[in-house]
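Below you'll find the structure, written out as structure tokens, and then a few comments.
No value in this document is a laboratory result; all are computed from the given coordinates. Everything quoted here is computed from the prediction, not taken from an experiment. A quick note on method: Cβ atoms are made from the backbone with ideal geometry, for glycine too, and the neighbour counts reach across all protein chains shown.
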Amino acid sequence: MATKKSKAASIDIGISGADREKIVKGLSALLADSYTLYLMTHNFHWNVTGPQFNSLHLMFMGQYTEQWNALDIIAERIRALGHPAPGTYQEFVKLASIQEVEGVPKANDMIRHLVAAQEATARTARKLFPVVNAADDQPTADLLTQRLEIHEKTAWMLRSLLED
């Protein structure tokens, strides 16, 4: 008896293959920015020093924990759209708009880097809305709205620490 090769089921969710591919390209960039932001925040949590140590250490932990949980949501949406999620440093470096920070900056510089990274991640999410709206992809639009709310609020809170 001959065995048939298993073939992945085709996807028919009301979004064309071409549109799903465009959405996944944008979500992959968002995942890369989100992972880079996560890593930066966790690094700063480990390495912050100075008079603000305790408050920043705890704040950064809350932020990187939230960011870590978001990574799975973004990656799973990519998978639901029928594509593999990027998952290596090499892929993330190619896709991310955020540059890694070398060395260990002073606490206020850490905050500045995180503000810029939060805002960059928000811009990456926002750029995807026209594609998502044209494809009538409400689940991805909802994901983007939730991510924007978090990134914009976090950037505001971090900026507030820099005010005199």
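Output the residues belonging to region 61-83 that are free of Cβ contacts under 8 Å to residues at least 60 places away in the same chain and under 16 Å from the mean Cα position of the chain (by Cα). Selection gives Gly62, Tyr64, Thr65, Gln67, Trp68, Asn69, Leu71, Asp72, Ala75, Glu76, Ile78, Arg79.
Within region 9-25, the set of residues being closer than 16 Å to Val131 by Cα and not β-branched (Val, Ile, Thr) comprises Gly14, Ser16, Gly17, Ala18, Asp19, Arg20, Glu21, Lys22, Lys25. The residue list Glu100, Glu119, Glu76, Glu66 contains one member that is among the acidic types (Asp, Glu) and outside any helix (DSSP H, G or I), which is Glu100. Which residue is nearest to Trp156 (Cα to Cα), if the candidates are limited to region 23-60 and must be hydroxyl-bearing (Ser, Thr, Tyr) and in contact (Cβ under 8 Å) with a residue 12 or more places away in the chain? Among those residues, the one meeting the criterion is Thr41. Restricting region 122-138 to residues that are part of a loop (DSSP other than H, G, I, E, B) and of a type in the set (A, V, I, L, M) leaves a set whose member that is nearest to Tyr35 (Cα to Cα) is Leu128. Checked against (1) part of a helix (DSSP H, G or I); (2) among the aliphatic types (A, V, I, L, M); (3) buried (at least 19 other Cβ atoms within 10 Å of the Cβ), Leu71 passes all but a single condition, namely (3).
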